[in-house]
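The values are calculated or read from the model by the stated rules, or taken from the named source; none is laboratory data. From a predicted model like this one, the values you see are computed outputs, not experimental measurements. Counting neighbours? That spans all protein chains shown, and the Cβs are built from the backbone with ideal geometry, glycine included.
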Amino acid sequence: AQTVTQSQPEMSVQEAETVTLSCTYDTSESDYYLFWYKQPPSRQMILVIRQEAYKQQNATENRFSVNFQKAAKSFSLKISDSQLGDAAMYFCAYRSANQAGTALIFGKGTTLSVSS
Amino acid sequence: DTAVSQTPKYLVTQMGNDKSIKCEQNLGHDTMYWYKQDSKKFLKIMFSYNNKELIINETVPNRFSPKSPDKAHLNLHINSLELGDSAVYFCASRRDYSYEQYFGPGTRLTVT
C-alpha cells in the first residue's frame, strides 16, 4: 500500500522569505501523480501544484515549485516570496495513475504560519 | 457556478440519529469521492464511484452507505451516528484520465 509522510507538523516563515515543506512517499508503482494541496481556515481544498512521475522536470506554478526526487521518493514544496495569504495547512498527496476511480492518499499535513 | 456542491455545510445531530449528506457536481466528471477529515485534520478516502460503480470501499463501518443515483450525484447516508463520526466530510470529483480532483466545500458533522 502507498503511504505519504509529512514530517513537519508545523513550519513558520516571514513574509517575503522562502520556505520548504517536506514530503516523502512509498510506492511500488511506476506511474503516479503527486500533489500539494492548500487548506486555509475556510477549509476549502485548493490544488497548489502537481507532478507527474514520468516527468523529470520539476513543476513550477508562480511562487510555488517542487523538488521531485523519484529515486529518493521525495517531493518537497518550495514557496518563494511568502505572503500572509499563504498561511494554511498544506497536504502532500499521491494518486496512482493506473486505474479509473483511484483516490488521493494524503500525508498528515503541515501547518504553515506566515509572519509580517 | 459551483462545480462541486455539498449540502448541508454544517450538520449538528444527536447520537443514534440517521443523516444524509448530498453531493452534486456539474462538471460532467466520471468519478466521485467521499473523504473524511478527522479532528486532527487527517484526510482519508472513504468511497469512490466511477460511472455509478463502486470502486473504492475503504474500511469504514457499514453504518456508512454511499448512493450514486446518477453520475452527477453521490450521497452519503450515515446510520446510528456515533460521537466518533464527528468530522468534516468532503466530496470530490474527477474526469477520467485527468489529474485534478475538484473538492466540494466540505460538510462539518457534529454528533452530540
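General remarks:
- The set of residues in segment B:1-37 being loosely packed, with under 13 Cβ neighbours inside 10 Å and among the charged types (D, E, K, R) consists of B:D1, B:D18.
- Looking at B:N57, B:N50, B:N79, just one residue is within 14 Å of A:T102 (Cβ to Cβ), more than 10 Å from chain A (Cβ to nearest Cβ) and not basic (K, R), and that residue is B:N57.
- Where strands (runs of 3 or more DSSP E) fall entirely within segment A:25-93, those with at least 3 residues that are away from chain B (no Cβ under 11 Å) and surrounded by fewer than 20 Cβ atoms within 10 Å (Cβ to Cβ) are at A:64-69, A:74-79.
- Within segment B:35-60, if we keep just the residues that are aromatic (F, W, Y) and in a strand (DSSP E or B), the residue that is modelled with the lowest pLDDT turns out to be B:Y49.
- Scanning segment B:83-104 for residues that are more than 14 Å from every other protein chain (Cβ to nearest Cβ) and under 23 Å from A:F106 (Cβ atoms) turns up B:G84, B:D85, B:S86.
- So B:G28, is it away from every other protein chain (no Cβ under 14 Å), closer than 23 Å to A:N98 by Cα, touching a residue at least 60 places away in the same chain (Cβ under 8 Å) and assigned to a loop (DSSP other than H, G, I, E, B): yes
- A single member of A:A1, A:A16 is free of Cβ contacts under 8 Å to residues at least 40 places away in the same chain, outside any strand (DSSP E or B) and surrounded by fewer than 14 Cβ atoms within 10 Å (Cβ to Cβ), and it is A:A1.
- Residues of segment A:94-116 that turn out to be over 24 Å from B:N51 (Cα atoms), away from every other protein chain (no Cβ under 11 Å) and surrounded by 21 or more Cβ atoms within 10 Å (Cβ to Cβ), as a count: 1
- Test for B:T112: is it within 21 Å of A:R43 (Cβ to Cβ), among the polar types (S, T, N, Q) and within 14 Å of chain A (Cβ to nearest Cβ): no
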